[in-house]
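All remarks here apply to the structure that follows.
The values are calculated or read from the model by the stated rules, or taken from the named source; none is laboratory data. Just so it is clear, the model here is predicted, and its values are computed rather than measured. Quick reminder, even Gly has a Cβ in these numbers, built from the backbone with ideal geometry, and neighbours come from all protein chains shown.
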Amino acid sequence: MKKLIIVWIAFVSLMLTSPSFAGEHVVERGETALQIALDHDLTIEQLSKMNPDIDLEMMLIGDVLTVPDEGTSFEEYINSLYAEKISTSDVNCEVLADQSVLCLFHAENLTDLPLYEVKFAADIRGQNGAAGHAEGSIPLMQILPGEKLPCSLAIPGRFDAVESYSISIQNLSQSEMVQSSFRVPETGFSETDTFLPDAVSAVATILFNEDSRSDLNNKQINLLAAAYDTDGTLIGVRSLFSDFYPRLDITLYTNNHKINSIELRLEAY
């Protein structure tokens, strides 16, 4: 069988290649990073994030810093940059029994490199005027090139119904090591799905084959399960981080939607 490749990734920062909201600032004698940041309505952390290849404490005269274009906020700039790398689709935000909101969506890697350290934010407004904000990371270490990864964000609050929502990208990194992967190949395990009588919940059971057991022993397993209805709509997402066992079980729940199929993705470290 195809062997699992375990490689420790050296993370590299994104190449900030002047999206439409980008401007430039040429460092002059006597300027400090703090002064430049304040002049462009940025924090030091934001200025550093926009210029990962420049040590702000060791700037030289003539260094060219990336800053937001005039009239553009940091958030607009960073979202225009990330929109070239990743997209979100199939967003479905529903009010749960406790009046919080759960947003389910797919995140798609638009590049030819794996994406790491991806963080999202959701902003929700209810018809009753309630507003909520939540942030979270992708449930796996990486989104592979061209892959759509199921994701979820839980937004606390007391909502009656969702009036509007937005999903934004807060952070991501890329690796130059295109061939590296933490994924366990589908040939390394078998899956059995047990649908409970109400069909709004189900248990996925993973059994690793003998070859995988020798490869994965003493490693950590990151398991992502996604539930879909008969129309292919994403209706449930759950992740599990566990020590390796020859058998793993994960239970999925939905917001009163009947599960038709389950998709699994596994990583090992």
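A few points about this structure:
- Scanning the range 111-125 for residues that are surrounded by fewer than 22 Cβ atoms within 10 Å (Cβ to Cβ) and either in a strand (DSSP E or B) or within 13 Å of the chain's Cα centre (by Cα) (or both) yields a total of 6.
- Close pairs (6 angstrom Cβ cut-off, 6 or more residues apart or separate chains): under 15 Å from D69 (Cβ atoms) in the range 30-51, assigned to a helix (DSSP H, G or I) and among the hydrophobic types (A, V, I, L, M, F, W, C) anywhere: L42/F74; Q46/F74; L47/A37
- Condition met for D112 (over 30 Å from L34 (Cα atoms), touching a Leu at 6+ places or on another chain (Cβ under 7 Å) and not basic (K, R)): no
- Candidates are the residues of the range 215-269 that are aromatic (F, W, Y) and in a strand (DSSP E or B); the one that is surrounded by the fewest Cβ atoms within 10 Å (Cβ to Cβ) is F241.
- Residue within the range 180-188 that is without any contact (Cβ under 8 Å) to a residue 12 or more places away in the chain and out of contact with any helix residue (DSSP H, G or I) (no Cβ under 6 Å at 6 or more places or on another chain) present: yes
- Test: residue in the range 76-96 that is in contact with an Asp or Glu (Cβ under 6 Å, 6 or more places away or on another chain), part of a strand (DSSP E or B), without any contact (Cβ under 8 Å) to a residue 24 or more places away in the chain and of a type outside the set (F, W, Y): yes
- Every condition in (1) at pLDDT 95 or above; (2) outside the structural domain of A121 (by TED's automatic domain parsing) holds for V162 except the one numbered (2).
- Restricting the range 145-170 to residues that are surrounded by fewer than 16 Cβ atoms within 10 Å (Cβ to Cβ) and hydrophobic (A, V, I, L, M, F, W, C) leaves a set whose member that is nearest to L252 (Cα to Cα) is A154.
- Residue within the range 59-81 that is β-branched (V, I, T), touching a Phe, Trp or Tyr at 6+ places or on another chain (Cβ under 7 Å), closer than 30 Å to P145 by Cβ and outside the structural domain of A154 (by TED's automatic domain parsing) present: yes
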